[in-house]
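The values are calculated or read from the model by the stated rules, or taken from the named source; none is laboratory data. Being a predicted model, the structure only gives us computed values, none of them experimental. Virtual Cβ from ideal backbone geometry, glycine too; neighbours counted across all protein chains shown.
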Amino acid sequence: MNHSNHQVLLWSAGLLWAVTFGCRERIEPESPDFTEYGWELMAEQDYRGAIPHFEEGTVLDPTYADSWNGLGWAYAKLGSADSSADNFIIAAAKDDTTVVGTEILAGLAFSKLALGEFEDAVTNGKVALDRTPDWIFRHDSNIYFDHLTLLIATGYYGWGKFDSSLVWVQQLDPTYDADLTTLQGRYDLAAKLEEIRQSI
């Protein structure tokens with residue numbers, strides 16, 4: 001290879017390198033990128049590890065509801081109902097109309113139930129179910145509409161509305177009945193709620 005051909009080859013190689021690698025703009029991660037990684041960690045049950053990624057998503061785009069949604073579910077999995085509810089409330093202000101919006105309402109209902117705020121739990125659970133009767137949590141198919149039905153039944157029980165609780169229990173077991181005019185009947189209904197909780 002003569003000297004001029006060698007120079008042309010080097011120049012061509014340099015140009016190819018520059019075009020292939022040197023002209024690309026640096027791509028900065030966006031809120032959905034951090035949020036999606038947070039959900040991947042949630043799937044691995046690394047709830048604490050997911051939280052910083054969801055938080056980074058909220059910093060990059062405070063209007064991105066799924067980042068707040070992720071925080072709500074992560075804190076719920078860690079048993080922190082207060083923090084969970086706080087994040088779901090923020091999320092609901094960002095999005096209450098999409099699939100994510102239904103997840104937010106469902107998550108808020110579970111958090112409110114854990115906090116003993118039974119009326120709010122029932123209200124949010126019913127709105128979520130009214131919107132999506134066959135709801136299944138996108139990130140954990142083991143959480144679905146039957147759990148919301150049980151949540152509503154449990155919320156009504158905690159609220160002292162035993163007749164309404166029974167109506168929702170009967171959606172899960174149409175053969176069940178109880179005499180709610182007696183303490184024994186109310187005790188039996190509570191036992192039934194626990195039995196269903198363990199079976200779904």
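Observations on the model:
- Selection of the stretch 97-114 for residues being under 13 Å from the mean Cα position of the chain (by Cα) and part of a loop (DSSP other than H, G, I, E, B) yields only THR98.
- Candidates ASP134, ASP179, ASP130, ASP146: the one that is part of a loop (DSSP other than H, G, I, E, B) and within 23 Å of the chain's Cα centre (by Cα) is ASP134.
- Long-range neighbours under 9 Å by Cβ, at least six apart or interchain, first residue within 16 Å of LYS112 (Cα to Cα) within the stretch 81-97, second among the acidic types (Asp, Glu): ALA85/GLU117; ALA85/ASP120; ALA91/ASP66; ALA91/GLU103
- When the stretch 75-118 is limited to residues that are touching a helix residue (DSSP H, G or I) at 6+ places or on another chain (Cβ under 6 Å), surrounded by fewer than 22 Cβ atoms within 10 Å (Cβ to Cβ) and of a type in the set (Gly, Ala, Ser), the one that is modelled with the lowest pLDDT turns out to be ALA92.
- Some residue of the stretch 172-180 being of a type outside the set (A, V, I, L, M), touching a residue at least 12 places away in the same chain (Cβ under 8 Å) and surrounded by 15 or more Cβ atoms within 10 Å (Cβ to Cβ): no
- The selection criterion, being among the acidic types (Asp, Glu), out of contact with any strand residue (DSSP E or B) (no Cβ under 8 Å at 6 or more places or on another chain) and assigned to a helix (DSSP H, G or I), holds for ASP86.
- Among the candidates LEU151, LEU166, LEU193, residue that is in contact with a Gly (Cβ under 8 Å, 6 or more places away or on another chain), in a helix (DSSP H, G or I) and either hydrophobic (A, V, I, L, M, F, W, C) or surrounded by 14 or more Cβ atoms within 10 Å (Cβ to Cβ) (or both): LEU151
- Entry remark, the stretch 148-189: residues being under 23 Å from GLY116 (Cβ atoms) and β-branched (Val, Ile, Thr) number 5 in total.
- Selection count where residues are farther than 25 Å from GLU36 by Cβ and touching a residue at least 40 places away in the same chain (Cβ under 8 Å), scope the stretch 123-147: 1
- Unmet criterion (only one of (1) within 21 Å of ALA81 (Cα to Cα); (2) in a helix (DSSP H, G or I)) for ASP140: (2)
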